[in-house]
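FYI, it's all coordinate maths here, none of it is from the lab. Computed from a predicted structure; not experimentally measured. Cβ placement follows ideal geometry from the backbone for every residue including glycine, while neighbour counts extend to all protein chains displayed.
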Amino acid sequence: MSVTAEARRAGRSPVLLIGVAGGWLSLLVCNYLAYPLLDVLSLLALPVLAGCWLLAVSTSVAALVVLLVRRAYVWAAGALALAIGSGLILQTTDWERAYVDSQFRLHRSQLAELAAGYRVGEPPPDVALPWRLRYLSIDGQAHERDGALYLPVWQDWRAESGVGLAYFPTSPTPDAVIATASGDKGKPVRYLGDGWWWIA
């Protein structure tokens with residue numbers, strides 16, 4: 001084999017590694033955005049998630065096979081380590097917590113403004129949220145429910161269960177419940193800050 005052919009083959013190895021990284025990155029992003037995907041696509045989000053799994057696994061397997069056939073063992077070990085590391089991150093991350101906490105931190109000031117308005121009687125119940133907060137609620141609205149301001153983050157397609165963010169002007173009692181869907185009541189399970197709770 002000529003030196004140029006060998007160099008060309010070696011130059012393709014990083015491309016395969018980038019393909020593996022891209023496949024796993026798409027799956028990680030899909031898991032992080034599970035709530036918005038389910039809101040927008042409903043049951044069609046499941047094939048999207050399955051497609052991301054297929055992409056991550058197939059790019060990893062294909063890259064490993066090609067790299068092993070080329071005897072690029074160091075690159076193959078890198079691809080395997082990348083796939084295993086991404087899989088571990090995927091399985092050990094609490095995606096619900098990661099999504100909720102990051103969105104709360106990102107929109108903390110807008111949520112504080114919304115809470116301040118609620119304390120003085122604004123906005124009225126079932127009002128459209130400011131555009132930067134609309135995607136946090138499945139219907140783009142904030143609802144007054146059971147003495148709290150509630151943003152429904154997710155409901156199943158039959159409205160039998162749901163989760164969301166709720167602002168309580170005073171600390172909720174241990175037996176506080178909020179209607180999260182037509183057939184479900186949730187409890188404040190985790191305090192996020194500034195009077196906001198995660199309801200599940």
Work out the length of the dipole vector of the chain about its Cα centre, built from +1 on the beta-carbon of each Lys and Arg and -1 on the beta-carbon of each Asp and Glu, and round it to the nearest 20 debye. 1080 debye
To the nearest 0.05, how large is the calculated FRET efficiency for Ala98 and Arg71 if R₀ is 25 Å and r is the Cβ-Cβ distance? 0.05
Which of the three applies to region 1-116, rounded, prolate or oblate, going by the alpha-carbon gyration tensor with a ≥ b ≥ c and a/c under 1.5 meaning rounded? prolate
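Which whole-number percent gives the relative contact order of region 100-199, counting Cα pairs below 8 Å spaced six or more residues apart?
Numbers: 169 pairs, mean separation 19.4, N = 100.
RCO, region 100-199: 19 percent.
For the chain, what are the DSSP H helices with axial Cα length of 15 Å or more and mean Kyte-Doolittle hydropathy of at least 0.5?
Details: long enough: 3-32 (44 Å, 0.73); 45-69 (36 Å, 2.32); 73-92 (28 Å, 1.45); 95-106 (16 Å, -0.82); 108-119 (16 Å, -0.46).
Once both thresholds are applied, what remains is 3-32, 45-69, 73-92.
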Calculate for the chain the 222 nm mean residue ellipticity that helices alone would give, adding -39,500 (n - 2.57) per DSSP H run of length 4 or more and normalising by residue count, nearest 500 deg cm²/dmol. -18000 deg cm²/dmol
In region 36-120, which trypsin sites (Lys or Arg not before Pro) are in a loop and have at most 15 other Cβ atoms within 10 Å, using DSSP for the loop call? Arg71
Among the Cα-Cα pairs of the chain, the proportion with separation greater than 27 Å, in percent, is 45 percent
Tell me which of Gly183, Val29, Leu88 sits at the most positive position along the dipole axis of the chain, charges placed on C-beta atoms (Lys, Arg +1; Asp, Glu -1). Leu88
Selected from Tyr118, Tyr99, Tyr73 as most flexible by GNM, with the chain as the system and alpha-carbon contacts under 10 Å: Tyr73
